[in-house]
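Q: Submitted below is the structure of interest, expressed as C-alpha cells.
Coordinate-derived values only; no laboratory data. Computed from a predicted structure; not experimentally measured. Neighbour counts are summed over all protein chains in view; Cβ atoms, including those assigned to glycine, are modelled from backbone coordinates with ideal geometry.
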Amino acid sequence: MPETPEKARRLVVVSNRVADFSAKFQTGGLAVALGDALKASKGAWFGWSGKTRDDALTAPPDIETVSGLTVATIDLTKAEAEGYYFGYANRCLWPALHYRLDLAQTNEEQSEIYFQVNARFADALMPLIEPDDLIWVNDYHLIPLAEELRGRGCTARIGFFLHTPFPSPEIFAAVPSQKRLGNALMVYDVVGFQTTWDRDNFRRYVMATLDGEQLQGDRIAAQGETTLASVFPIGIDVNHVRNLAETEDAKGPLLPYAGDDMKTIIGVDRLDYTKGLPERLRAFEVLLERFPEHHGKVHLVQIAPPTREGLPVYQEIRENVERLVGRINGRFGDLTWQPVIYLHRGVPQDTLTRLFRRSHVGLVTPLHDGMNLVAKEYIAAQAPQNPGVLVLSRFAGAAEQLREAILINPHDIQETARALDRALTMPRQERWARHNRLWQRIETYDLFNWRDSFIQSFAESDTNPVNLFPKEA
Ligand code: ADQ
C-alpha cells in the first residue's frame, strides 16, 4: 500500500457519520483507506454519533482512541437531526444535487437548523484542531463547516470533497439558501469533485451567480475568496476486491439452482430514487419481450438494501420496485425459472464479490450518481480471462473513466434492453479487450490514488494537483 503523503502533519477527517473502527471487519473500502491515513498521522475522525438526546446542546463530545486514532462524535437533539439530516440535507440538497428539484422540499426552519448544526460541529471540533492539521470535510451535509471554523480563528488548511454530482448552475441556483452554500464552498482551500463535468458546473455557477473569476489552472475567485476547484475521482481498493473474488470463486457456485446455461445480470444499489431501479427493471422486461431467445436462460439478481426509510419518497420507490418485480416474474416466469431475484437487504462483502464474479453482466443504471463504486467493484471482481460485461449509465460519474463499458442512457428503456442483449451475447475476445482497458483504469485511479492526491492538493498551498486525466494512447 502506498505511503500517505505529508506524514508529519495530522489528518482530521470530518463527515456526517464516522466509520465504526471497533467493528471486527471493515467492509467499506473508504473507511479502511481513510482509517489507514488517520492511523499513520495519529489523526482524528469527527462526526455525528447518529444518536439523539434531549441535552445534546450542552453534552461534551464523546472522544475515544481506537487503534491509534481519535474518534470524536457529538449527539444531536431530535429537532437538530430532523432539520439538518432528514430535512435540509436529505430532503432538499440530496435530490437537488441529483437534478431532482421536483423532490427538493424544505423550509426556512430546516435550512437554519442545517447552518446551526454546522456551527455546532465547528464549536466541538475547534478544541481538537492544531494549526498544522489538514482538515478533510466530506459531503453535502457539511458545506458551511470551513466558514464556521474560520470564523472561530482556525488557520489550518481545509479541503472539501463532494461525493455527489454538482448539478448544472440553473439547478443549483434554484436551491433555497444556495448563495450561502456557494459562498461557503469558496472558503475551502480546495473543493474536490468526482468528474470534470461536476467541476465545470461548479465553475460556471461561481461565474454566473457569485460574480466569480477564473484564475490560473483550476483556481477560481469570488466574494474575496480563492479556492482550487479540481477533479479527484474516487476509486476502490482493486487488489482487495480481486483477491476476495478469487478466494470466493474457489468456493464454487453461489446460486445452485442456476445451471451452466443460466446467465446472471447483477444489480446492487441502495434503494434510492437516484439509482434508476424502475428504469432498469423495465429495461429487463423489454429484453424478455423483444428477445424471447433469452427466456429461461437469464435472470436478474437485484440487491437493494433499505436506506433513509423514514422519508416517504423512499417508501414510494420501494413499492414501485416491488410491484415491477412481481409483474415481471408473474408475466414471464414459470415453475422452473424466476426471471428476477430481488433482495431488500445488505449482504456481506464476500458474498457480494462472489456474485459479481459469477455474473455475466453488471447492470448499473443511475439517473445521476457522483461516481458509483459498484461499477468499479464489478470490474475488479471479474476473472481476467473470461470477464463479464459492464452496462453503465452515462450519468454515473464512473462513465467518465469507464468508457469501454457499454454506456447507456437509463431513461431510454429500449436502448438499455438492446445493450443487455449485446452484453449477454458478446464474444469472449471483445469482453476481454474491453475488460483489459477498464481494469487498467480502475487500477491506476484506485482508492489510494484518490486519497493521496486529494490530501496533497490542500497540503501544498497554491500548487495544482497532478493531472488526473492524462491523454491515453
Ligand atoms: P452511494 O450512493 O452509497 O455512495 P456507491 O458508490 O455505489 O453508492 O457505493 C455503495 C457501496 O455500498 C459499494 O461499495 C457497495 O458495494 C456497497 N453496497 C451497496 N449495496 C450493498 C449491499 N446490498 N450489501 C453490501 N454492500 C452494499 C455515495 C455517492 C456515490 C459515490 C460514493 C463514494 O452517491 O456516487 O460513488 O458515495 O464517493
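Q: Take region 370-426 and flag every residue that is part of a helix (DSSP H, G or I), of a type in the set (Gly, Ala, Ser) and within 15 Å of the ligand (Cβ to nearest atom).
A: Quick first cut of region 370-426, residues part of a helix (DSSP H, G or I) only: 373-381, 397-400, 413-424.
Pick out the ones that are also of a type in the set (Gly, Ala, Ser) and you get 375, 380-381, 397-399, 417, 419, 423.
Those that are part of a helix (DSSP H, G or I), of a type in the set (Gly, Ala, Ser) and within 15 Å of the ligand (Cβ to nearest atom): 375, 380, 381, 397, 398, 399.
Q: Something else: Among the residues of region 198-217, is there at least one that is part of a loop (DSSP other than H, G, I, E, B) and crowded, with 21+ Cβ neighbours inside 10 Å? Working first, answer last.
A: Here is the first cut: in region 198-217, the residues part of a loop (DSSP other than H, G, I, E, B) are 210-212, 215-217.
Pick out the ones that are also crowded, with 21+ Cβ neighbours inside 10 Å and you get 212.
Scanning region 198-217, I find at least one residue that is part of a loop (DSSP other than H, G, I, E, B) and crowded, with 21+ Cβ neighbours inside 10 Å, so the answer is yes.
Q: Taking the criterion of being more than 13 Å from the ligand (Cβ to nearest atom) and either surrounded by fewer than 20 Cβ atoms within 10 Å (Cβ to Cβ) or closer than 30 Å to residue 187 by Cβ (or both), would at least one residue in region 268-278 satisfy it? Full working, then the answer.
A: Filtering region 268-278 down to residues more than 13 Å from the ligand (Cβ to nearest atom) leaves 278.
Subset that is either surrounded by fewer than 20 Cβ atoms within 10 Å (Cβ to Cβ) or closer than 30 Å to residue 187 by Cβ (or both): 278.
The answer is yes, given that some residue of region 268-278 is more than 13 Å from the ligand (Cβ to nearest atom) and either surrounded by fewer than 20 Cβ atoms within 10 Å (Cβ to Cβ) or closer than 30 Å to residue 187 by Cβ (or both).
Q: Now a separate question. Quick one: which of 333, 346 is away from the ligand (no atom under 16 Å from the Cβ), farther than 19 Å from residue 423 by Cα, of a type in the set (Gly, Ala, Ser) and surrounded by fewer than 21 Cβ atoms within 10 Å (Cβ to Cβ)?
A: Numbers: 346 fails: away from the ligand (no atom under 16 Å from the Cβ).
That would be 333, the only listed residue that is away from the ligand (no atom under 16 Å from the Cβ), farther than 19 Å from residue 423 by Cα, of a type in the set (Gly, Ala, Ser) and surrounded by fewer than 21 Cβ atoms within 10 Å (Cβ to Cβ).
Q: One residue is enough: does region 58-81 have a residue meeting the conditions within 16 Å of the ligand (Cβ to nearest atom) and either loosely packed, with under 15 Cβ neighbours inside 10 Å or within 30 Å of residue 313 (Cβ to Cβ) (or both)? Show your work before the answer.
A: Of region 58-81, the ones within 16 Å of the ligand (Cβ to nearest atom) are none.
Within region 58-81, none of the residues are within 16 Å of the ligand (Cβ to nearest atom) and either loosely packed, with under 15 Cβ neighbours inside 10 Å or within 30 Å of residue 313 (Cβ to Cβ) (or both).
Q: Limited to region 372-409, what total is found for residues that are free of Cβ contacts under 8 Å to residues at least 40 places away in the same chain, surrounded by fewer than 22 Cβ atoms within 10 Å (Cβ to Cβ) and among the hydrophobic types (A, V, I, L, M, F, W, C)?
A: Qualifying residue count, region 372-409: 2.
Q: Further, regarding this structure: Among the listed residues 450, 439, identify the single one that is surrounded by 15 or more Cβ atoms within 10 Å (Cβ to Cβ) and more than 16 Å from the ligand (Cβ to nearest atom).
A: On inspection, the qualifying residue turns out to be 439.
Q: Same structure again: For the subset of region 291-321 comprising residues that are more than 16 Å from the ligand (Cβ to nearest atom) and among the acidic types (Asp, Glu), which member is nearest to the chain's Cα centre (by Cα)?
A: Looking only at region 291-321, we keep the residues that are more than 16 Å from the ligand (Cβ to nearest atom), and these are 291-299, 310, 312, 315-316, 319-320.
Okay, now just the ones that are also among the acidic types (Asp, Glu), so 293, 316, 319.
Details: 293: 36, 316: 22, 319: 24 Å.
Out of the qualifying residues, it is 316.
Q: Which number in (1) crowded, with 17+ Cβ neighbours inside 10 Å; (2) more than 14 Å from the ligand (Cβ to nearest atom); (3) among the small types (Gly, Ala, Ser) marks the one condition that residue 433 misses?
A: Going through (1) crowded, with 17+ Cβ neighbours inside 10 Å; (2) more than 14 Å from the ligand (Cβ to nearest atom); (3) among the small types (Gly, Ala, Ser) one by one, residue 433 breaks only (1).
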